[in-house]
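As structure tokens, the structure follows; a few thoughts come after it.
The values are calculated or read from the model by the stated rules, or taken from the named source; none is laboratory data. Quick caveat, the model's predicted, so the values are computed rather than measured. Note: ideal-geometry Cβ built from the backbone for every residue, glycine included; neighbour counts use all protein chains shown.
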Amino acid sequence: MTQLYTCVTQQHDLRLVVIAALICALGSYSTFAMGRQVFRSRAWQERLTWAVTGVIGTSSAIWATHFIAMLAFEPGMATGFAIGQTGASLVIAVLLVGLGAGLVVVRPSMSGRIAGGGVIGLAISAMHYTGMGAYDVQGTLHWDRATVALSVVVGVTLGSLSMLLAFSPRAAVRHLAPLVLLIAVCGTHFLGMSAVTIIFDPRVEIPGGSMDTTVLSILTANVALLIVGLSLAALRLWRVNRLRHEAESQRLRDLADIAVEGLMICDGDTIAGINHSLERVLGLPRQALLGAPLQQLLPGLSVADIPMNQEMDAVLRDSADQAVPVRVIAQSIVIKAKPHTVVAVRDQRERLRAEAEMHRLAHQDALTGLANRRQFNEALTARFASRRSEESTFALLILDLDRFKAVNDTLGHGMGDALLQRVSQRLLRAVRGDDLVARLGGDEFAILKAGGIDLAGIQAVAERVIDILARPFLIDGHILNIGTSIGIAVAPGDGQSPEQVMGNADLALYGAKEDGRGRYRMFEESMNARIQARRALELDLRRAISRQEFTLVYQPQLSARSGAYDGAEALIRWHHPERGMVSPVDFIPLAEETGLIGPLGEWVLRTACTDALAWPEHLTVAVNLSPVQFRDVRLAATIRGILAETGFPGSRLEVEITEGSLLQDEQRTLAILRELRALGIRISMDDFGTGYSSLSYLRRFPFDKIKIDQSFVRQTPDDKDSAAIVRAITMLGASLGMKTTAEGVETDAQSQFIAGEGCDQLQGYLISRPIPADRIAALFSAAPLTLTA
Ligand code: C2E
Ligand code: CA
Ligand code: CA
């Protein structure tokens, strides 16, 4: 080391040494700049051009460094340079550097780089010692072999090292390569110089053709200029390249940033870039993520896991460590001659939200926000499936609002909707949080009670619901009184399938309504049987008219004052081929429900008018009209047709209606009644005293007759209240100019009391049971029956 130090500092002109080092540095720098171009270029001509330029530059730099350093060498005696060998040293440098560079280019693997770099290192030594051969000096040269060997080893080793560094993935390391090559060149030269000792020998003569230092100076200056030129070219190249790269990167970034999708560029599993979109999704600036591992954003995923041409689901972690559902897809891309992967990240939250919203809309009742029928059915099916495994019970309550239709019809749909909303709010208050409340449609609701409940619990809920809905609703200044009927079925007892449980709850609801509304009924097996019987009956009823299974019987009505017959009420009978006599109490409601009451009612009217034609002319026939018949606006026209057809005078016909006809659509009913009145038909209010028995009905329509219901008549004269009611109705009739008829008179006592109260007519078993047409005709033809007055 000291030898090297004294060699450089004492035997050399330091100014020239510095120039040599500078030229070497420039050359070294341009070497690698050109080399990089070789790898970057695509076309082979281009690569070759860069390679040749690079080789010439590098070998020239080594050569020039050597000879400038030789000019700096001051042995203190006459010197010169043999032209041939000086030239040969340059040729050797060019050839060996070319060989080394070729190795690196052809095989850029680790071993190729080490070998190529080594050959370039060897080129330095070879050039140096050939160059020393060109050195003519007035003395003899003595070589220290060990130092010579060391200089060769240093050159070769550092040459290899520089090539290794040149390919490092890290820019900072790559920048060390030219420096190492510089040290290799200078190190080899000066070690080589310190290995030589020159002994002055006046006998030695400088050969005649030898160049003197001036010529060499001009030569090396030119070569140095070439190197500076090449270096400047390399610098420009570097700048142009860098600008192009920056522009390219910027364009890539801009492109990525306008993408709606989140994009990240990965170098292996390291994040090398992300776009604006992804920054937004993550809530993090890109600087915070550059260099981070992919796993930080996509836990458990590496680039290799992401498919190239198929999206896959993944979970992204955002800045708040929240899981963001995403879909990812990868695409490989070359950036700065290196393969990278672009990972596209599609945020799925909006889509999932939309899907959830669609699901909600499909499963929710739009008006009340309750579950709709679809969701309810799904829940019921699910409950059924889980019930199998747990063997626990659950209850299904089906609700039907009472009197809701009246609100909807009279106050409008807006009010109906508001009422349904309020009903659903109350329902939610009446049940537990884990019970499912649904609106099945119209005014029908359902409650699915959570499992594990006892009978008392179910009934308590039903009672609570009935109670809460029976309380008046105050909406827009209207007080609305509705109520609800509830049918209950319990699984697994009341059905083996959701449909069965549902159907049985429906049967129970039907039973509750039959019981008189505002009640609940638990499903019972007998309901099923009854329904079946009803269905059979309905079928029979449809056939009964054509099979002529109906007849009319007549119950005479007697004038209380004269004791003479006033007429008779027609009452229908059904002679069922198997069941025998079926009571109208059993089949009239069924006929009303099924709409068969229409043709049936027409048959009754036609038959009654025909039969009554045979009676003495002053006698009337009374026919019962069902409320359902009043729903048909053609009712009056139908009756007019029957009168015309049978030739029976309207003045001899009475129709008996109940308040049910006035309850449904009063205006329509009253209009029909006026039309009937215009035909001379008399109108009776039947069953007066039962139901609402609103006196206002009597004021709104001038009935011809009020029929006092048999339930009061039967209690007279003993029951004070009934007697008072009979008296009041009779007086009311008298004051309104309406006749009164007492129905169901069975005893003399009743007859006497009622006649005594001023009632106009008597009807009941005491006078006669309902009898067939031929017998009533015979009865009317015989002498008038007189009551004991
Ligand atoms: P309603 O109009 O009140 O008829 C009187 C019912 O009382 C008749 O029963 C009659 O047989 C019964 N009755 C009469 N006197 C007495 C008595 O002294 N004691 C007792 N316990 N009962 C007596 P029926 O014939 O079974 O009719 C029942 C109901 O069926 C009728 O009640 C009426 O509402 C309906 N109905 C009968 N025939 C027809 C019809 O042709 N058309 C319509 N729409 N309904 C009818
Ligand atoms: Ca009647
Ligand atoms: Ca009656």
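Key figures for this structure:
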| quantity | calculated |
| --- | --- |
| Segments classed as strands (runs of 3 or more DSSP E), wholly inside region 190-304, with at least 3 members that are in contact (Cβ under 8 Å) with a residue 40 or more places away in the chain | 196-200, 262-267 |
| Criterion (farther than 16 Å from residue 332 by Cβ and of a type in the set (Gly, Ala, Ser)) met by exactly one of 283, 268 | 283 |
| Residue that is under 60 Å from the mean Cα position of the chain (by Cα), charged (D, E, K, R) and within 13 Å of ligand 3 (Cβ to nearest atom), where the choices are 709, 686, 665 | 686 |
| Flag for residue 50 being exposed (fewer than 15 other Cβ atoms within 10 Å of the Cβ) and of a type in the set (Phe, Trp, Tyr) | no |
| Every pair of residues 6+ apart whose Cβ atoms lie under 8 Å, when the first sits in region 608-633 and is among the basic types (Lys, Arg) while the second is more than 13 Å from ligand 2 (Cβ to nearest atom) and outside any loop (DSSP other than H, G, I, E, B) | 631/664; 631/668 |
| Qualifying position, being farther than 25 Å from residue 444 by Cβ, free of Cβ contacts under 8 Å to residues at least 24 places away in the same chain and surrounded by fewer than 19 Cβ atoms within 10 Å (Cβ to Cβ), among 543, 530, 535, 561 | 543 |
| Which numbered condition residue 557 fails, given (1) touching a Gly at 6+ places or on another chain (Cβ under 8 Å); (2) more than 13 Å from ligand 1 (Cβ to nearest atom); (3) of a type in the set (S, T, N, Q) | (2) |
| Verdict on residue 409 being more than 20 Å from residue 499 (Cα to Cα), acidic (Asp, Glu) and part of a loop (DSSP other than H, G, I, E, B) | no |
| Single match in 52, 18, 38 (criterion: over 26 Å from residue 106 (Cα atoms) and either β-branched (Val, Ile, Thr) or touching a Gly at 6+ places or on another chain (Cβ under 8 Å) (or both)) | 18 |
| Among (1) within 15 Å of ligand 1 (Cβ to nearest atom); (2) of a type in the set (A, V, I, L, M, F, W, C); (3) crowded, with 16+ Cβ neighbours inside 10 Å - the single one residue 581 does not satisfy | (3) |
| Test: residue in region 612-628 that is away from ligand 3 (no atom under 16 Å from the Cβ), under 19 Å from residue 654 (Cα atoms), within 54 Å of the chain's Cα centre (by Cα) and of a type outside the set (Phe, Trp, Tyr) | yes |
| The lone exception for residue 780 - which of (1) away from ligand 3 (no atom under 16 Å from the Cβ); (2) buried (at least 17 other Cβ atoms within 10 Å of the Cβ); (3) modelled with pLDDT of 95 or more it fails | (3) |
| Residue among 745, 726 that is under 19 Å from residue 555 (Cβ atoms), among the hydrophobic types (A, V, I, L, M, F, W, C) and in contact (Cβ under 8 Å) with a residue 12 or more places away in the chain | 745 |
| Checking residue 164 against (1) of a type outside the set (Asp, Glu); (2) touching a residue at least 12 places away in the same chain (Cβ under 8 Å); (3) over 21 Å from residue 40 (Cβ atoms), the condition it does not meet | (3) |
| Region 691-732, residues that are under 23 Å from residue 672 (Cα atoms) and modelled with pLDDT under 90 | 691, 692, 693, 694, 695, 696, 697, 698, 699, 700, 701, 702 |
| Qualifying residue in region 577-585 (condition: modelled with pLDDT of 90 or more and either part of a helix (DSSP H, G or I) or not assigned by TED's automatic domain parsing to the domain that holds residue 707 (or both)) | yes |
| Filtered residue count, region 337-389, keeping only those that are at pLDDT below 80, surrounded by 11 or more Cβ atoms within 10 Å (Cβ to Cβ) and either among the charged types (D, E, K, R) or assigned by TED's automatic domain parsing to the domain that holds residue 303 (or both) | 2 |
| Options 763, 715, 710: the member that is within 15 Å of residue 622 (Cα to Cα), of a type outside the set (D, E, K, R) and either in contact with a Lys or Arg (Cβ under 7 Å, 6 or more places away or on another chain) or assigned by TED's automatic domain parsing to the domain that holds residue 565 (or both) | 763 |
| Set 740, 730: member being within 18 Å of residue 568 (Cβ to Cβ) and more than 11 Å from ligand 1 (Cβ to nearest atom) | 740 |
| Failed criterion for residue 550 (all others in (1) surrounded by fewer than 21 Cβ atoms within 10 Å (Cβ to Cβ); (2) of a type in the set (Phe, Trp, Tyr); (3) over 26 Å from residue 605 (Cα atoms) hold) | (3) |
